[in-house]
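Participant: Can you keep this structure in mind? I'll have questions shortly.
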Amino acid sequence: MQQLSVSIITFNEEKNIARCLDSVKDIANEIVVIDSNSTDNTESICKQYDVKFFKQSFLGYIAQKNFALEHCKYNNVLCLDADECLSPELIKSIKEAKQNDFSVDAYTMNRLSNFCGKWIKHGSWYPDKKLRLFNKQKGKWAGIDPHDKIEMQANCSTQFLKGDIYHYSYNTVEEVLTQQNKFTTIQAKAMYAKGKRSNTFKLFANPFVAFTSGYIFKFGFLDGADGFFIASTVAYNTMVKYYKLLRLQGK
């Protein structure tokens, strides 16, 4: 049977990390935690588990996760964020894939997010399919910070696994607004560095498309007021990042 590494990056995750580690401890042959110099109890909680704990100043979301891959002993790696954990059904699916010696190069799964205590089951937030389990010899983290994604080499085989990654996203509305300001600045700078550009049309059209896609075409309205708020914040996030990019262009 092939072995499995689990990689997790952390920074001040004392509220989440135990839940994450509990969900993977029975399927992982090693757990690698890369911590960005947390000032809370993240490290002491991690050391209650059988983990390999490393400190590394934050390199950016993509670079930090690739750094974690480098510290994984085994080729097959499951990558999680500290505010995520595995559903019982997904744990079962991964166990079966492991028993079959990971017969494909990469595995996708759905992610279900919890927003202020409620599971969001529609809109742009679900099913939110993610590729998180893969052969690190054939893939790596890429994308545009902070929206990282795993990119596989050409002609790699992929299989979908039943079950969800549970994502405990935001506990309060205030957290959403604070995170949006942080992330849109990172996004705008990353887009600018990659040569992407904004204009007045994108400033108006892209947020409209983002809202209608999530709220109407992906049935976000079925999540009630929460669905409307989430679709609105996705549209707002889109507008702000393109406005910040436009200002970077002006400089």
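The values are calculated or read from the model by the stated rules, or taken from the named source; none is laboratory data. Just so we're clear, the structure is a prediction, and the values are computed from it rather than from any experiment. Cβ sites come from the backbone with ideal geometry, for glycine too, and all protein chains shown count toward neighbours.
Participant: Only residues that are out of contact with any strand residue (DSSP E or B) (no Cβ under 6 Å at 6 or more places or on another chain), of a type outside the set (D, E, K, R) and not in a strand (DSSP E or B): list them for the range 127-151, please.
Facilitator: Scanning the range 127-151 gives Gln137, Pro146.
Participant: Sticking with this one: Within the range 161-180, can one find any residue that is outside any helix (DSSP H, G or I) and under 21 Å from Tyr243 (Cα atoms)?
Facilitator: No: zero hits.
Participant: Taking interchain pairs and intrachain pairs at least six residues apart, which have beta carbon atoms under 9 angstrom, with the first residue in the range 197-220 and touching a residue at least 12 places away in the same chain (Cβ under 8 Å) and closer than 16 Å to Asn237 by Cα and the second outside any helix (DSSP H, G or I) and not hydroxyl-bearing (Ser, Thr, Tyr)?
Facilitator: That search, which allows pairs on different chains as well, returns Gly214/His122.
Participant: Checking Gln187 against (1) touching a strand residue (DSSP E or B) at 6+ places or on another chain (Cβ under 9 Å); (2) closer than 30 Å to Glu89 by Cα; (3) crowded, with 19+ Cβ neighbours inside 10 Å, which test does it fail?
Facilitator: So the condition that Gln187 fails would be (2).
Participant: Assuming Ser169 fulfils every condition listed in (1) within 24 Å of Asn75 (Cα to Cα); (2) out of contact with any helix residue (DSSP H, G or I) (no Cβ under 7 Å at 6 or more places or on another chain) apart from one, which condition is it?
Facilitator: With respect to (1) within 24 Å of Asn75 (Cα to Cα); (2) out of contact with any helix residue (DSSP H, G or I) (no Cβ under 7 Å at 6 or more places or on another chain), Ser169 is out only on (1).
Participant: With among the charged types (D, E, K, R) and surrounded by 16 or more Cβ atoms within 10 Å (Cβ to Cβ) as the only criterion, which of Lys251, Lys244 stands out?
Facilitator: Lys244
Participant: Go through the range 203-244 and give me each residue that's of a type in the set (D, E, K, R), under 21 Å from the mean Cα position of the chain (by Cα) and farther than 20 Å from Lys118 by Cα.
Facilitator: Lys241
Participant: Let me confirm something: among Gly123, Gly117, which residue is on the phi > 0 side of the Ramachandran plot and surrounded by 20 or more Cβ atoms within 10 Å (Cβ to Cβ)?
Facilitator: Only one candidate qualifies: Gly123.
Participant: Given the criterion modelled with pLDDT under 95 and under 23 Å from Gln187 (Cβ atoms), identify the matching residue among Asp83, Asp145.
Facilitator: Exactly one residue qualifies, and that residue is Asp145.
Participant: Can you say whether Thr212 is of a type in the set (Ser, Thr, Tyr), modelled with pLDDT under 95, assigned to a helix (DSSP H, G or I) and within 20 Å of Ile120 (Cβ to Cβ), as far as the supplied structure shows?
Facilitator: It is false that Thr212 is of a type in the set (Ser, Thr, Tyr), modelled with pLDDT under 95, assigned to a helix (DSSP H, G or I) and within 20 Å of Ile120 (Cβ to Cβ).
Participant: When the residues of the range 1-53 are narrowed to those that are buried (at least 23 other Cβ atoms within 10 Å of the Cβ) and among the hydroxyl-bearing types (Ser, Thr, Tyr), which ends up farthest from the chain's Cα centre (by Cα)?
Facilitator: If we take residues in the range 1-53 being buried (at least 23 other Cβ atoms within 10 Å of the Cβ) and among the hydroxyl-bearing types (Ser, Thr, Tyr), then Thr42 is farthest from the chain's Cα centre (by Cα).
Residues are listed down the side, and each one gets a yes or a no for (1) hydrophobic (A, V, I, L, M, F, W, C); (2) over 18 Å from Ser7 (Cβ atoms):
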{"residue": "Trp141", "(1), (2)": "yes, no"}
{"residue": "Ile150", "(1), (2)": "yes, no"}
{"residue": "Phe160", "(1), (2)": "yes, yes"}
{"residue": "His167", "(1), (2)": "no, no"}
{"residue": "Tyr170", "(1), (2)": "no, yes"}
{"residue": "Glu174", "(1), (2)": "no, yes"}
{"residue": "Leu177", "(1), (2)": "yes, yes"}
{"residue": "Thr184", "(1), (2)": "no, yes"}
{"residue": "Lys189", "(1), (2)": "no, yes"}
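Participant: Of (1) of a type in the set (Ser, Thr, Tyr); (2) under 19 Å from the mean Cα position of the chain (by Cα); (3) surrounded by fewer than 19 Cβ atoms within 10 Å (Cβ to Cβ), Thr200 satisfies all except one. Which?
Facilitator: (2)
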